[in-house]
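A.B. asks: Sending over a structure as structure tokens; questions will come in a sec.
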Amino acid sequence: MDFTVSITNQDVATEEPLKLVSPNNPDPPETIFLSNIDLAVAFPVETVFFFEVPPDKSSSTLNISHRLEKAVAEVLLVPYYFMAGRLNFNHQTRRLELLCNNAGALFVSATSRLRLKDLGKLSLPNSTFHHFVRRPGLYKTLAETALLTIQVTRFSCGGFSVGFVTNHGILDGKSASEMFQNLASICRGESIVNQVLYNDRTFFRARIPPQIKYPHMEYVKLQDISSLASSFTAPNQFFPSPLVFSEKFTHKLFSFTPELIATLKEKAMKRCSSFEAVAAHLWRARTKAIFTNPDEVSTVLFAVDIRSKTSPPLPNGFVGNAVITAFATSKVADLVEKPFCFCVEKMREAIERVTEEYVRSVIDWLEVYKGVPATCNGNFYVSAWSKLPFGELDFGFGKLAHGGPVASGNDEFALLLSERKSVGNGGCINVWMGLERDKMKKFAAHIFEI
């Protein structure tokens, strides 16, 4: 069943969104400092999870929306009160901050005339799955944009989906995953896994004066941020959502079996992780598809968790961004012509480069230049969703059929997702790749040159 289905507005009926407020919001409202690491990735993230329900238990999910709504409003938003807040532009500091004003999280109940099996293969990239999340709209002010939106869609077969829209500037992947797990635990009638959340991000303040000790090719400078800042200067100022899609890109899934991954590791000629092997191979294959000049430079970006790299280590329950962007870079000719072990070694060097002093240099660089990850000039970001425990998500109503991001229309990211375990596919890594159509043909020709 390797096909996708285009979902339309007629397939999903949504109710008006409910505004859910925290019963535990601080009074007076609290303002939370956002680190430069947070601000570099302050964009929305759309994630949707699909759950199968046995035919004889389809009626058990008739009140699934009400159950999740109650879990969010009465329990989840107690420790996660800040998720009912809003981003705010502080004119004095000239930076975004998290205002815990209890403006509300949004909750949407929806039903679909389709059955879960009518959606095709769920693991294939499908941009029309955006119907299973609630988008804020193309032009919204910060005050109008919720930091947490949840849509529960029940299908005619009794199966359901839970779609989240969060902001990466508030929660990184690990923190978002823990929040989803906490919500699932509440719905199962159990206690929250993480009772205490640590939301103080001042540990990552820039030094005074800033001390930039490394070249940071992983970020691009924003020499003039006046246009960005002006978007936040007035409550009624509108700005476009970054979730804009382009028809010129196509998305494909490439599945790496345990055997393929083992072969890549063997070719690496040294001990390496599955992520390092697959990411290095993607980097090489994509370089062959994208670049025509052998003297150009190709760069791959990826996240490195810094929770254990700080001194002292960050406390359990830290909810801010504790990942920075690492980079591996090489001349195109070297990347294409040298043995595969060269690509893996570059990945290894990138990871080992991230020390505590390097992290501090990143923070100071971002303080000076207000940069963002350098996904430009042919560079791309490999995002390892496969490292996050989404496959364990259980709301108490059936097993997870698939979980992951909604496909977006760009070529700046490659996503690594775990295949749902079943007989014969345990350990598979699915790669979502987006490219312009002619470049995708070239990439598909190179990806299995192992």
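A.B. asks: Just the C-alpha atoms of the chain: what Rg/Rh do they give, with Rh taken as the Kirkwood radius?
C.D. replies: Details: Rg = 21.9 Å, Rh = 23.0 Å.
For the chain, the value is 0.95.
A.B. asks: Let me ask something else about it. For region 28-156, with equal point scatterers placed on the C-alpha atoms only and solvent neglected, what are the log10 I(q)/I(0) values from the Debye formula at q = 0.13, 0.14, 0.15 1/Å, to two decimals?
C.D. replies: Once normalised to I(0) and log-transformed, intensities are -0.68, -0.77, -0.85.
A.B. asks: Separation between the K270 and T14 pseudo-spin-labels, each 7 Å from Cα along Cα→Cβ, expressed in nm?
C.D. replies: 4.9
A.B. asks: Here is a follow-up. Given a cut-off of under 8 Å on Cα pairs at least six residues apart, what relative contact order in percent is computed for the chain? Show your work: numbers first, answer last.
C.D. replies: Details: 912 pairs, mean separation 101.8, N = 450.
23 percent.
A.B. asks: Tell me, what is the FRET efficiency for I450 and H66 to the nearest 0.05, using R0 = 41 angstrom and their Cβ-Cβ distance as r?
C.D. replies: On the way: r = 50 Å, r/R0 = 1.21.
With a Förster radius of 41 Å, E is 0.25.
A.B. asks: Follow-up question, since we're still on this one. What is the spread of the Cα atoms of region 309-374 along each of their three principal axes, largest first, in whole Å?
C.D. replies: Result, largest extent first: 43, 28, 19 Å.
A.B. asks: Counting heavy atoms of the protein chains only and a 1.4 Å probe, report the per residue accessible area for the chain as a whole number of Å².
C.D. replies: Per residue, the chain has 44 Å² of solvent-accessible surface.
A.B. asks: Given the Cα-Cα distance of K117 and E412 and 0.36 nm per residue of separation, how much length would full extension add, in nm?
C.D. replies: On the way: separation 295, 0.36 × 295 = 106.20 nm, distance 3.05 nm.
Stretched fully, the K117-E412 segment lengthens by 103.2 nm.
A.B. asks: Apply 1/(1 + (r/R0)^6) to the Cβ-Cβ distance of V5 and F43, taking R0 = 30 Å, and write down the FRET efficiency to the nearest 0.05. Provide the component values of the computation, followed by the final result.
C.D. replies: Numbers: r = 28 Å, r/R0 = 0.92.
So, using R0 = 30 Å, E works out to roughly 0.65.
A.B. asks: Ok, one more. For K442 and V193, calculate 0.36 nm times their separation in residues minus their Cα-Cα distance, and state this gained length in nm to one decimal. Write down the numbers at each step before the final one.
C.D. replies: Values: separation 249, 0.36 × 249 = 89.64 nm, distance 4.58 nm.
Here the answer is 85.1 nm.
A.B. asks: Give me the percent of accessible area attributable to carbon and sulfur for region 305-409, probe 1.4 angstrom.
C.D. replies: Working: 1930 of 3900 Å².
After summing per-atom areas, the C and S share lands at 49 percent.
A.B. asks: Right, next: Once every DSSP H run of n ≥ 4 in the chain is given -39500 (n - 2.57) and the sum is divided by its residues, what mean residue ellipticity at 222 nm do you get, rounded to the nearest 500 deg cm²/dmol?
C.D. replies: Estimated from H runs of four or more residues: -7000 deg cm²/dmol.
A.B. asks: Go ahead and run the numbers for FRET between K248 and N24, Cβ-Cβ distance against an R0 of 51 Å, rounding to 0.05. Write out the running numbers ahead of the final one.
C.D. replies: Working: r = 47 Å, r/R0 = 0.91.
The formula returns an efficiency of 0.65 here.
A.B. asks: Collect residues whose amide H, placed 1.01 Å from N in the peptide plane, falls under 5 Å from the amide H of V220; neighbours closer than 5 in sequence don't count.
C.D. replies: Result for V220 returns V372, A374.
A.B. asks: Using θ = phi - 60° and the Karplus relation 6.51 cos²θ - 1.76 cosθ + 1.60, list the HN-Hα couplings for region 344-360 in order, rounded to whole Hz, with x at every Gly or Pro.
C.D. replies: Karplus-based 3J(HN,Hα) across region 344-360 equals 5, 4, 5, 5, 5, 4, 5, 5, 5, 5, 7, 9, 4, 5, 5, 4, 5 Hz.
A.B. asks: Right, another one. Share of region 12-204's accessible area from carbon and sulfur, percent, 1.4 Å? Before the final figure, lay out the partial values.
C.D. replies: Values: 3930 of 7630 Å².
The nonpolar share, carbon plus sulfur, comes to 51 percent.
A.B. asks: From the phi angles alone, apply the Karplus equation (6.51, -1.76, 1.60; θ = phi - 60°) to region 251-265 and give each ³J(HN,Hα) in whole Hz, x where the residue is Gly or Pro.
C.D. replies: Karplus values, whole Hz, x for Gly and Pro: 10, 9, 9, 10, 9, 9, 6, x, 5, 5, 5, 4, 5, 4, 5.
A.B. asks: Still on this structure, please answer the following. I'd like the distance between the alpha-carbon centres of region 97-150 and region 164-216, rounded to an integer number of Å.
C.D. replies: 20
A.B. asks: Net charge within 15 Å of M217 by Cβ-Cβ distance, Lys/Arg positive one each and Asp/Glu negative one each, not counting M217 itself?
C.D. replies: Details: positive: K213, K221, K331, K346, R353; negative: E218, E296, E349.
Within the 15 Å Cβ shell, the charges total +2.
A.B. asks: Please give the net charge around F203, taking every other residue with its beta carbon less than 13 angstrom from that of F203, where Lys and Arg add +1 and Asp and Glu add -1.
C.D. replies: Working: positive: R201, R205, R207, R307, K309, R360; negative: D38, D200, E356.
In short, +3.
A.B. asks: Explain nothing, just compute: Karplus ³J(HN,Hα) = 6.51 cos²θ - 1.76 cosθ + 1.60, θ = phi - 60°, for every residue of region 209-216 in order, whole Hz, x for Gly and Pro.
C.D. replies: x, x, 10, 8, 10, 9, x, 10
A.B. asks: With label points built 7 Å along Cα→Cβ from the Cα atoms of R94 and D56, find their separation and express it in nm.
C.D. replies: Distance between label points: 6.7 nm.
A.B. asks: Now, a different point. Within 12 Å, Cβ to Cβ, of F82, how many net charges do the neighbouring residues add up to if Lys/Arg are +1 and Asp/Glu are -1?
C.D. replies: Values: positive: R86, R201; negative: E30, E97, D200.
My count for the surroundings of F82 gives -1.
A.B. asks: Quick check: pseudo-label points 7 Å beyond the Cα along Cα→Cβ at E356 and Y214, how many nm apart are they?
C.D. replies: With each label placed 7 Å out from Cα toward Cβ, I get 1.5 nm.
The values are calculated or read from the model by the stated rules, or taken from the named source; none is laboratory data. Everything numeric here is computed off the predicted structure, so don't read it as measured data. So basically every Cβ, Gly included, is an ideal-geometry build from the backbone, and we count neighbours across all protein chains shown. Each accessible area value is taken on the protein alone, full model and side chains, heavy atoms only, with ligands, DNA and RNA left out. Shrake-Rupley method; radii C 1.70, N 1.55, O 1.52, S 1.80 Å.
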